[in-house]
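**Q** What follows is a single structure, and I will ask about it in a moment.
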Amino acid sequence: MNAVTTALIVYVIVFHVWAMVLEMFLWTKPLGRKTFGLSKEDAETSKTLAANQGLYNGFLAAGLVLSLLVASPNTAFTLKVFFLACVSLAGLYGGATAKIQILFMQGVPALIALALLLLGGHGHWH
């Protein structure tokens with residue numbers, strides 16, 4: 001795996017950890033409300049849903065961290081493909097249904113990393 005692919009995966013991890021923190025812990029705080037453009041009332045009303053969404057973002061980050069730590073190259077490759085595909089789809093869906101910025105901040109980096117990974121031939125399934 002080349003340095004660009006690794007850097008993109010690390011970016012995706014950091015993005016999802018930050019999204020988890022914003023959604024689980026800062027949703028009703030000024031930074032969370034400003035980030036998502038929420039009134040205090042709307043943030044309070046939706047905080048349970050946001051925390052759930054944040055948990056899922058944490059799972060995506062954890063899966064990608066695992067993909068960088070696992071010893072087996074085939075397992076690492078499979079984990080990277082799976083989690084980058086999940087993030088890519090989430091970014092495409094979010095960009096189409098919520099805010100176009102989601103596509104560029106979440107989807108595009110994951111799609112590029114996935115493409116580089118698949119084109120690089122540094123792993124394969126048996």
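Per-residue answers, yes or no, for (1) assigned to a helix (DSSP H, G or I); (2) among the hydroxyl-bearing types (S, T, Y); (3) in contact (Cβ under 8 Å) with a residue 40 or more places away in the chain:
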{"site": "V4", "(1), (2), (3)": "yes, no, yes"}
{"site": "Y11", "(1), (2), (3)": "yes, yes, yes"}
{"site": "F15", "(1), (2), (3)": "yes, no, yes"}
{"site": "L31", "(1), (2), (3)": "yes, no, no"}
{"site": "L38", "(1), (2), (3)": "no, no, no"}
{"site": "S46", "(1), (2), (3)": "yes, yes, no"}
{"site": "A50", "(1), (2), (3)": "yes, no, no"}
{"site": "G54", "(1), (2), (3)": "yes, no, no"}
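**Q** Another question about this same structure. Working carefully through the options T28, T75, T45, find the one that is touching a Lys or Arg at 6+ places or on another chain (Cβ under 8 Å), farther than 21 Å from G107 by Cα and polar (S, T, N, Q).
**A** Of T28, T75, T45, the one residue that is touching a Lys or Arg at 6+ places or on another chain (Cβ under 8 Å), farther than 21 Å from G107 by Cα and polar (S, T, N, Q) is T28.
**Q** Check L26, L114, L68 and return the single one that is crowded, with 17+ Cβ neighbours inside 10 Å, hydrophobic (A, V, I, L, M, F, W, C) and in a helix (DSSP H, G or I).
**A** From the options L26, L114, L68, the qualifying one is L114.
**Q** Conditions: (1) part of a helix (DSSP H, G or I); (2) modelled with pLDDT of 95 or more. G94 meets all but one. Number of the miss?
**A** (2)
**Q** Among the residues that make up region 92-106, is at least one of them more than 15 Å from the chain's Cα centre (by Cα) and of a type in the set (V, I, T)?
**A** Within region 92-106, one or more residues are more than 15 Å from the chain's Cα centre (by Cα) and of a type in the set (V, I, T).
**Q** Still on this structure, I have one more. Quickly run through region 93-120 and pick out the residues that are over 15 Å from V81 (Cα atoms) and of a type in the set (A, V, I, L, M, F, W, C).
**A** Narrowing region 93-120 to residues over 15 Å from V81 (Cα atoms): 93-106.
Of everything in region 93-120, those that are over 15 Å from V81 (Cα atoms) and of a type in the set (A, V, I, L, M, F, W, C) turn out to be A96, A98, I100, I102, L103, F104, M105.
**Q** Would you mention how many residues in region 72-88 are without any contact (Cβ under 8 Å) to a residue 12 or more places away in the chain and assigned to a helix (DSSP H, G or I)?
**A** Number of matching residues: 1.
The values are calculated or read from the model by the stated rules, or taken from the named source; none is laboratory data. Keep in mind that this is a model prediction, so the values were computed, not measured. Neighbour counts are summed over all protein chains in view; Cβ atoms, including those assigned to glycine, are modelled from backbone coordinates with ideal geometry.
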